[in-house]
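Novice: Just dropping this structure here.
Read-outs throughout are calculated quantities, based only on the coordinates presented, and are distinct from any laboratory measurement. Bear in mind that the values here come from a model prediction, so they are computed numbers and not experimental data.
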């Protein structure tokens with residue numbers, strides 16, 4: 001795949017029409033027949049999600065924490081792959097693993113001192129690039145971290161607003 005030729009018209013349009021680069025992504029969680037599960041519709045696919053087994057879920061679908069870590073791993077892997085291609089860094093394989101720590105006592109409200117949510121997240125990228133130089137790998141690391149949307153969002157969280165509407 002010639003990534004430069006695919007991205008060139010996009011970059012040209014975003015430069016000539018700056019507002020055209022701004023998008024809104026939407027995901028909708030909808031009720032299912034069990035209070036510990038939902039369906040998540042991202043517009044192009046629908047995924048099953050449920051509460052983690054540690055808070056009463058059945059363990060048959062991804063929990064929201066899994067989805068968050070999956071989004072980070074996917075974004076980092078794809079970003080690294082695209083950056084490597086754009087920079088002509090020779091790679092054989094790139095994989096990303098994200099893991100995070102949380103205390104379910106906070107989630108269940110049994111320990112008011114325990115935080116709700118992840119207390120730490122670790123991302124590991126495994127790069128098989130025997131022909132790449134140390135400088136190329138370092139440049140790849142910097143650019144991947146700079147352009148990974150999910151990583152940047154977690155490191156510099158946006159303002160989150162909520163609105164409750166009664167049907």
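Novice: Starting from the Cα coordinates of the stretch 64-158, work out the convex hull volume and express it per residue in Å³.
Specialist: 98
Novice: Which three extents, in angstrom, do the Cα atoms of the chain have along their principal axes, listed largest first?
Specialist: That works out to 51, 38, 29 Å along the principal axes.
Novice: What is the distance in Å between the Cα centres of the stretch 62-110 and the stretch 1-29?
Specialist: The stretch 62-110 and the stretch 1-29 have Cα centres spaced 22 Å from each other.
Novice: Additional query: Sequence gap at least 6, Cα distance under 8 Å: using those rules, report the relative contact order of the chain to the nearest whole percent. Before the final figure, lay out the partial values.
Specialist: On the way: 203 pairs, mean separation 26.6, N = 167.
Answer for the chain is 16 percent.
Novice: Choose one answer from 16, 37, 88: the residue with the largest mean-square fluctuation in a GNM of the chain with alpha-carbon springs under 10 Å.
Specialist: 16
Novice: Please report, for the Cα atoms of the stretch 41-119, the Rg to one decimal and the Dmax as a whole number; what are they, in angstrom?
Specialist: 16.8, 52
Novice: Could you work out which residue, out of 123, 102, 69, moves most in a Gaussian network model of the chain, that is, has the largest mean-square fluctuation with Cα springs under 10 Å?
Specialist: Maximum among the listed residues: 102.
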